[in-house]
Amino acid sequence: MSRAIAILGSTGSIGRSALDVVDRMGGAFRVAALAAGSNLEALAGQIEKYRPRLVSVGARRDAERIRGLARRSGASVAWGPEGAAEVARTEGADTVVAAITGMSGFAPTLEAVKAGRRVALANKESLVVGGALLRREAARSGARIIPVDSEHSGVFQCLAGIERRHLRRVILTASGGPFLKTPLAELRRKTAAEALRHPRWVMGRKVTVDSATMMNKGLELIEARWLFDLEPSELEVLVHPQCAVHALVETADGSLLAQLGPADMRLPIQYALTWPERRDSGLARLDLGALRKLEFRPVDERRYPLFPLARRALREGGSLPVALNAANEVAVAAFLEGRIAFPGLHAVVAAVVEPHRPRPADSIEAIRDIDAEARREARRALPRR
Ligand SMILES: NC(=O)c1ccc[n+]([C@@H]2O[C@H](COP(=O)([O-])OP(=O)(O)OC[C@H]3O[C@@H](n4cnc5c(N)ncnc54)[C@H](OP(=O)(O)O)[C@@H]3O)[C@@H](O)[C@H]2O)c1
């Protein structure tokens, strides 16, 4: 019998890769529901191909535009945050791929968790802003959150069979992004187009800019803290430009376990969908002989000044990760629009995070308030139009 899945963010980089995995799994999965933002052309193709029962788009106007095609394919149409939440709760879908970018992905991810689904989680920002809440709701509903981020999938795989008391630390690897070797003095001239040219991964725009600043790795540390119940002191990052080792786990006796694989998101997506099974995906395998060398080095905080801000948010918790994430979303959008230069990403986030005194953030209302307040502060730190 095939398993029904719902995909939040089906038109994005992860969403499209998830559908490719569905294609490769020979009928093991069927698509029950899809949520997208505004890419109607891509969504229309997905509706015709996968015949979901329910689709959702970001805006009401777009829902009207796609209604005729959806009706002919037997799908009902919803829109906005409530539409995405409906997709997350779709009756009969036991797995939800959570791949909407940023804070917008949080509420639908929470819905999927509350509904007790298996959540294949790509939207790391959900755990950054609401890790404690998501864990509490998962414990209540029986939902299982399985990581899609390649580093966290690596940790998840390394931890299989390791008792918590035997675990000493977890190391996430980072590619270093496109500016790993750029002379520091030249960073201020780097444009959005250059930041979007990632050396190893093809991803959505927001996560690609986050990789260039290393904010992505900071968010991933907070994500790992909640996924694996780790103390901040148990989490480390090493820059590893080859992106072959995704994560390492060190045990009490000093043994290091590593997970390796090609830089292809379809592998961790597939594992999140088939876990605990493993299936042949037909994807290219890692050729270790061709790699020749594996390098690891610590994070240079002068090159990546957002990274220590994220580490502070990891240590202090509460409202700080929410504020960090909100300020970063505002800064990345401004950088992509050409409103601020590359160093402005740090300046905007620092303007919000440095004076922030953490307070509790344990309900969706509190999280939304802190998010909105930090966005206002971040916008005030932007240059006037
Ligand atoms: N890409 C990767 O390799 C990768 C790896 C690890 C983790 N992640 C994480 O996975 C998430 C998705 O990343 P991505 O690279 O796939 O991003 P992306 O290519 O930008 O795709 C984002 C998806 O979310 C949809 N979306 C955006 N805002 C929405 C809203 N308000 N309501 C409904 N749908 C909305 C977009 O729809 P439209 O395009 O139709 O507007 C699109 O389908 C991020 O949290 C990222 O950090 C990505």
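The values are calculated or read from the model by the stated rules, or taken from the named source; none is laboratory data. All figures in this text were calculated on a predicted structure; none of them were measured in a lab. Because the Cβ atoms are built from the backbone with ideal geometry, glycine has one as well, and the counts that use them run over all protein chains shown. The area values use the complete protein model at the heavy-atom level, side chains included, leaving out ligands, DNA and RNA. Shrake-Rupley method; radii C 1.70, N 1.55, O 1.52, S 1.80 Å.
So here's what we get for this one:
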quantity	calculated
Filter pass, ALA44 being in a helix (DSSP H, G or I) and under 19 Å from THR101 (Cβ atoms)	no
Residues of the range 213-248 classified as in a helix (DSSP H, G or I), farther than 21 Å from VAL148 by Cβ and not β-branched (Val, Ile, Thr), total	3
The lone exception for ILE100 - which of (1) in contact (Cβ under 8 Å) with a residue 12 or more places away in the chain; (2) in a loop (DSSP other than H, G, I, E, B); (3) farther than 24 Å from ALA372 by Cα it fails	(3)
Filter result for the condition that a residue is more than 27 Å from MET214 (Cβ to Cβ) and at pLDDT 95 or above, over ALA284, ALA252, ALA258, ALA247	ALA252
Residue satisfying condition, being among the polar types (S, T, N, Q) and over 24 Å from ARG278 (Cβ atoms), within set THR173, THR213	THR213
Test result for ARG3, modelled with pLDDT of 95 or more and open to solvent by 70 Å² or more (accessible area, probe 1.4 Å)	no
Search result, residues across the range 76-94 that are more than 10 Å from the ligand (Cβ to nearest atom), open to solvent by less than 60 Å² (accessible area, probe 1.4 Å) and touching a helix residue (DSSP H, G or I) at 6+ places or on another chain (Cβ under 6 Å)	VAL77, ALA78, ALA85, ALA88
Qualifying residue in the range 41-53 (condition: under 28 Å from ASN216 (Cα atoms) and within 13 Å of the ligand (Cβ to nearest atom))	yes
First in the range 14-39 and more than 19 Å from VAL148 (Cα to Cα) and part of a loop (DSSP other than H, G, I, E, B), second anywhere and among the hydroxyl-bearing types (Ser, Thr, Tyr) and modelled with pLDDT of 95 or more, Cβ under 6 Å, 6 or more apart	ASN39/THR11
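One line per residue, one yes/no per condition, for (1) under 30 Å from ARG379 (Cα atoms); (2) assigned by TED's automatic domain parsing to the domain that holds ARG30; (3) open to solvent by 20 Å² or more (accessible area, probe 1.4 Å); (4) not in a helix (DSSP H, G or I):
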| residue | (1), (2), (3), (4) |
| --- | --- |
| ASP280 | no, no, yes, yes |
| GLY289 | no, no, yes, no |
| PRO308 | yes, no, yes, no |
| PRO321 | yes, no, no, no |
| GLU329 | yes, no, yes, no |
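The rows are residues; the columns are (1) open to solvent by less than 10 Å² (accessible area, probe 1.4 Å); (2) under 22 Å from ARG266 (Cα atoms).
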position: ALA174; (1), (2): yes, yes
position: LEU184; (1), (2): no, no
position: LYS190; (1), (2): no, no
position: ARG200; (1), (2): no, yes
position: VAL207; (1), (2): no, yes
position: MET215; (1), (2): yes, no
position: GLU220; (1), (2): yes, yes
position: ALA224; (1), (2): yes, yes
position: SER233; (1), (2): no, no
